[in-house]
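Data block below; observations after.
Read the figures in this text as sums done on the coordinates, not as results from a lab. Everything quoted here is computed from the prediction, not taken from an experiment. Every residue, glycine among them, receives a Cβ derived from its backbone with ideal geometry; neighbour counts consider all protein chains shown.
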Amino acid sequence: MSIRLPTVQRLSFTTLSVLHTLTRSGPKRLTELTASEQVTQPAITQIVTKLEREGLVARRPDPSDGRAVLVHVTEAGAAVVNGRRADRIAHLEKLSSGLTEAERATIAAALPALARLVELNG
C-alpha cells in the first residue's frame, strides 16, 4: 500500500517510516534502521537505496567508525515529512471543526495522556 504525497511521489508505509525516523531521531546506521523499522537488512538496504536515488536521504561516513556509514535525511526528505505533517494537521483541523466545543475540550484534556503513551512506546 502506498500513500499519495502532495509531490505526487508514492512511498510505502515502511519507506515513509524510515524518513520519519531519520527526521525525528537523526542519522542512523543501517543496522539501527533495521532494528527500529523491524525489517530485514536486505529490505532496509533496498529502502535506503531507493530514498537515496530520489534525493531524500544521503549516506555519509560515520565519524566514529570509518568502516560504517550513517544515513541522513536530506532537505528534500525533511520537506516530504514536514509536508505530510502539515497535510495531517490541516485534515484534523477540518475534521475537528465539526465537533462541539465540549468534544474538542475532551480531546484536548486527553492529549497529555496520549503524549505519555507515545513516550512509553519509545
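Which order results if Val80, Val39 are arranged by neighbouring Cβ count within 10 Å, fewest first?
Val39, Val80
Using Cα centres only, tell me the gap between region 98-122 and region 48-78 in whole Å.
For region 98-122 versus region 48-78, the Cα centre distance is 35 Å.
Can you match semi-axes √(5λ) of the Cα gyration tensor in Å to one of these, (i) 24, 17, 14; (ii) 32, 18, 12; (iii) 26, 17, 15, based on a calculation from the structure here?
(ii)
Per DSSP H run of n ≥ 4, the term is -39500 (n - 2.57); total these for the chain, divide by its residue number, and report the mean residue ellipticity at 222 nm rounded to 500 deg cm²/dmol.
-21000 deg cm²/dmol
Report relative contact order for region 2-121 in percent, whole number only (criteria: Cα-Cα under 8 Å, sequence separation at least 6). Kindly include the intermediate steps, with their values, before the conclusion.
Working: 98 pairs, mean separation 26.3, N = 120.
Relative contact order, region 2-121: 22 percent.
Note down the net charge around Leu111, summing +1 for each Lys or Arg and -1 for each Asp or Glu among other residues with Cβ under 13 Å from its Cβ.
That sum, taken over residues with Cβ under 13 Å, equals +1.
Once amide H atoms are built 1.01 Å from N in the peptide plane, which residues 5 or more positions from Leu70, or in another chain, come under 5 Å H to H?
Here the answer is Arg60, Asp62, since their amide H atoms fall under 5 Å of that of Leu70.
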